[in-house]
1. Suppose we filter region C:471-504 for residues that are surrounded by fewer than 21 Cβ atoms within 10 Å (Cβ to Cβ) and touching a Ser or Thr at 6+ places or on another chain (Cβ under 6 Å); how many remain?
2. If a residue must be of a type outside the set (Asp, Glu) and farther than 17 Å from residue C:81 by Cβ, how many such residues does region C:106-122 contain?
3. In this structure, does residue A:157 turn out to be within 13 Å of chain B (Cβ to nearest Cβ), surrounded by fewer than 16 Cβ atoms within 10 Å (Cβ to Cβ) and either in contact with a Cys (Cβ under 7 Å, 6 or more places away or on another chain) or aromatic (Phe, Trp, Tyr) (or both)?
4. Would you point out which residue out of C:222, C:248, C:234 is of a type in the set (A, V, I, L, M) and assigned to a loop (DSSP other than H, G, I, E, B)?
5. Please tell me if residue C:42 is within 19 Å of the chain's Cα centre (by Cα) and within 14 Å of chain A (Cβ to nearest Cβ).
6. Pairs please, first residue from region A:24-35 and at the interface with chain B (Cβ under 10 Å from one of its Cβ atoms), second anywhere and outside any helix (DSSP H, G or I), Cβ atoms under 8 Å, 6+ apart in sequence or on different chains.
7. Return yes or no: is residue B:229 touching a residue at least 12 places away in the same chain (Cβ under 8 Å) and of a type outside the set (Val, Ile, Thr)?
Amino acid sequence: MTEMIIRRLLQSVVTLLVLSFITFAGIYLIGNPMEVLADESATAAQIQAATERLGLDQPLWVQYWHYMERLFAGDFGRSYVTSLPVSTMILQRLPATLEMTVISLLISVGIGLPLGVVAGVFPKSRWSRGGSVLSVLGFSLPNFWFGLMLLLCLAVWFPILPAIGRGQTVEVNGVAWSFLTRDGLAHLAMPALTLAIGNMALMFRLAKSGMQEVMLLDYIKLARIKGLPSRRIVVVHALRNVMIPIITIIGLEIGGLIAGSIITETVFAWPGIGKLLIDSINMLDRPVVVAYMLIFTFTFVLINLIVDICYIVLDPRTREALQG
Amino acid sequence: MTSTPLARPTMRFSERPLGRFWREYSQSHAAVFGLVMTLILIAVAFLAPLIAPQDPYDLMQVDFMDSELPPGAIGGAGQTYVLGTDANGRDMLSALLFGLRASFMVALSSLGIALVFGTLMGLVSAYAGRWVDSLIMRIVDIQMSFPTILVAMMLMVTFGRGIDKTIFALAVVQWAYFARNVRASALVERSREYVLAAQLAQVPTFRILWRHILPNCLPPLMVIASIQLASAVSIEASLSFLGLGMPVTQPSLGMLISNGFGYLLGGKYWISVAPGIALGLTVFSLSLMSDRLRDMFNPRLKR
Amino acid sequence: MSFLDSSRMYLARTATSLVLLAALGAAPVLAQELVMGMASAPTSIDPHFHANSSNISMTGQVFEGLTWKDEFMQPHASLAESWDVTEDGVWTFHLRQGVTFHNGEPFTADDVVFTFDRLPTITDSPSPFTARLADIESYRAIDEHTLEVVTKGAAPNLPINLADVQIVSRAVGEGKTTDDYVTGEAMIGTGPYKFVSARIGEVYEFARNDDYWGETPAWETVTQRVIGSDPARVAALLSGDVDLISDVPVTDFSTIEANPDMRLWSTGTSSIAFIAIDVEHEKPIPGQATDLAGNDLPVNPMLDQRVRHALSMAIDRVGLVERGLSNDAYPASQLVPEGMFGFNPDIPVEPFDLEGAKALLAEAGYPDGFKVVLSTSNDDTMRARSIQAVAQMWTRAGVQTTVETMPHAVFIPKTNDFEYAHMIHSWGTSTGEAAYTLRGIAGTRDHEHGIGTSNRGRYSNPEVDAMVTEASSTVDDAAREELLRRAMAIVVAEDYGLIPLYNRKATWASNASVVYTPSRANVSNALFARPAE
């Protein structure tokens, strides 16, 4: 297992390097951020001076090398737009995204999983079939579409929830959270639900098909013959077997949630890191964009690794497959 | 081949492969609905230039003096705008039909490119083995470990917007699925006796791949293609919504929705709603279809 | 000559507030709190970091310049009580006495010197303030309250340029960097409001400076929340979360107007949208101007004045503004808005004449028209909408127009590389004088001297250049304005070198408890807001 972890870590380092270079080069190719940020009346000499000060006149590989040097010293650099350390900017926006994704995860697991289990136990019922069709809608339609429809229904036609933006916040240890206030929760409801729908559908399907398969297995049949109460069969015997793939998927979907949050944040004007990414792309603020990609990738790779380790611990049979 | 001509005419539809396929497929009413809707939508999309009341790409026909009219309004030239007009005076019904066409065209062409390229890479990977295989599969792993929308976004940021660039970005995010699956099927086929026999008989590699291995990879490929079509429409819409997709004068469904978004809370909801419903219906129909195909090819549910 | 300003009533310079003060006498202003919803966040609260309007608006509450720009963009005395200037460009600024910084230290000429010294040292600035000091040759403190500035010529724009240079204290500012301002440590000014706290990019808080030298500031506390999304900002106003919002989206005008508890405050800005046309290339830039079959034209059609005139005639500016831009703008006749120094009242808005345009095109040798590409950036909704309207109108006149829009970040570098021949740009005359505009977008490109830096069609007329240069060193206002008016007429009404489109409005909305004085410079801050009675 140690060998597997080391190999995976090495792979992730390569992935990170390749990805950071692609992002770096991509933004380098679009243009000089100083031309975009400069005042309309700025002279070429002024733009040139700013460009040189930031080292943007150097060849791509030199700029990349300098960036990497600083990165290994733990410095993500400073934003071209605000001159603030990139780490500060990202950390400040993180709580908003974090609370939205965590709540959406709770919604998707809390609703999708139980419904899926019930549907899997009674696969022939009309209700279960209807659920399956709806779940197709859930995971195939893009995120922003649900956001749009929710906005229309709950904010335009029947205005019961605040349309967009983040609500009132409360500071806890210097970090502003909005889920602790009523107003904040009302603002959180639609974005979190929008972000949750895709995963909810996925949870439903996984739980349903998992249960459906498990319920046909011999040991469940045996338990039934022995006359165990069916609730006990489902919860104790069947569910445990279904949980392994579901936990894996939850882990994997955290990455998907962060990506989905970019779109959800755009729809609901949610001031999180996804919004920061879009704004920074528009301003060619390379340090922020590259740092976002690196942090995101790193988190993603790390989660994958942890999931795989959990997997091995939970189910020894997979050990061989993963190591092979 | 010599024995079949006698048998074929006597076979009833339901016994032929296509008939069997249809019998199984049509067990799900939702899937039949999906298929019918998809066919209607594709027909409507490709007939758009013939059936749309206005050519929204022709600036002689679009009049900004008719902008933001509600559904059913009468325009300056006496025409009725059934679904209203957008901020530039485009007839929403026509914009929607052309938008549907744009969405389908982008999705289908990117899918075609991804299918060909991905299949090719999968076959090469399976057949060449060793470091070529490792290299291709690592690239596939990296690509697949990232959310598609993020990869597509980075590509659009790097290369700019436009139809060709959107198609390219979508092809890049899709090829890996095909490559991985073709490789898996090809590896299985490759170790079969008939392939070994063909190799011994010194049949050229290309011929083995083309005539023997590829046809056997096709069924799973079709399932993936059907899934990917829905997802390509959906990703393109998301990109356009973020302002990274198609050019403004040739809007796809996603961009039409995005254009209307600013008017949503101001009460002019029709600009977003009609394309929104069209997009929902399209993706839903495609997904119902692919979902059924996936179930049919999933051996575990066949018990 | 002297620009003496006898009034000490800093905040009372707007006509409306004068009326109010007359009614109230010297009554103390009520203790009130103002919460504002801002469309954009300043990139930094270091007053010398980035010369853009969000930054200057916000820090302008804490810091002050030697002069102050009113809502019509006219300079008035501020930290400088008055100033004299000699024929050879030696300015003497008499600084206001008895002014203290928020930490209690007195304000002296040395602080001004420190500030001027600091501007060039701001590294990493995307758009430094040094441009505001470009006219200055040297400066020194004569005594505690007298500053001498020597300019490179007559520099009639010096007072308005100095309005944006906000003075920081030497005692506090020595050795401080942009970071120290961001943390609030160095946010010590002389202004009417003290800095309290900030969560960067989200919320900024200020409190009344009770020791302010001028009129007592209107608000006890000022909170500025950044709400970038248009509908969210409007919703925050309607729900009572904020009292005042900037940049009201045109789609919500009717909603706010219909609400009896809400007020709209609107003014024309200094910003003009115009079409820049490539008049330099003999052959058109590839792909930008083609015949109907799509082959590049042998000669750039835009070199012909008649073609440019026809394109201007083909645009229905009144229709564009009313229908295309929902009346959130005025039709533009020239490159500066009405009321601005150098505006020429004799130039009418080009009348819409489709047949005339077609005839003129035929006369120029294009009876069947041709094809062009018109481009702009898509970050500005109004520009994105007007480009499609202009394309429709040109197409109807026979010039078949393809629209290309792209993000600002892509558009600007490409226009700088001259990849586009026909572009919609906008330009704000931030100095309040047409010379700045004529030099920046219509002057013959000369990077050495910072002329024509945004002249992306490379229009060039030596006569115009000469007039603008002469105006820049003419101190007599009437003579200077006459030169600028003549130059303006040549550019837009004789040469049709640039085609003006519209002058956009800036709109604020508030609840009934706030009165806002809309500023042409698009300033959104507490100084322009006061409680309603």
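The values are calculated or read from the model by the stated rules, or taken from the named source; none is laboratory data. Since the structure is predicted, the reported quantities are computational estimates derived from the model, not experimental observations. Cβ placement follows ideal geometry from the backbone for every residue including glycine, while neighbour counts extend to all protein chains displayed.
1. 0
2. To start, the set of residues in region C:106-122 that are of a type outside the set (Asp, Glu) comprises C:106-109, C:112-116, C:118-122.
Restricting the remaining residues to those that are farther than 17 Å from residue C:81 by Cβ gives C:113-116, C:118-122.
Within region C:106-122, residues that are of a type outside the set (Asp, Glu) and farther than 17 Å from residue C:81 by Cβ number 9.
3. Working: within 13 Å of chain B (Cβ to nearest Cβ): yes; surrounded by fewer than 16 Cβ atoms within 10 Å (Cβ to Cβ): yes; either in contact with a Cys (Cβ under 7 Å, 6 or more places away or on another chain) or aromatic (Phe, Trp, Tyr) (or both): yes.
Taking the combined requirement at face value, the residue satisfies it.
4. C:248
5. On the way: within 19 Å of the chain's Cα centre (by Cα): yes; within 14 Å of chain A (Cβ to nearest Cβ): yes.
So residue C:42 passes the test.
6. As it stands, the answer is A:27/A:284; A:30/A:284; A:30/B:160, since those pairs meet every condition given.
7. Values: touching a residue at least 12 places away in the same chain (Cβ under 8 Å): yes; of a type outside the set (Val, Ile, Thr): yes.
Yes; evaluated as a whole, the condition is true for this residue.
Residue by residue, here is whether (1) touching a residue at least 12 places away in the same chain (Cβ under 8 Å); (2) out of contact with any Ser or Thr (no Cβ under 9 Å at 6 or more places or on another chain); (3) crowded, with 17+ Cβ neighbours inside 10 Å holds:
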| position | (1), (2), (3) |
| --- | --- |
| A:89 | yes, no, yes |
| A:96 | yes, no, yes |
| A:118 | no, no, yes |
| A:122 | no, no, no |
| A:126 | no, yes, no |
| A:132 | yes, yes, yes |
| A:139 | yes, no, yes |
| A:144 | yes, no, yes |
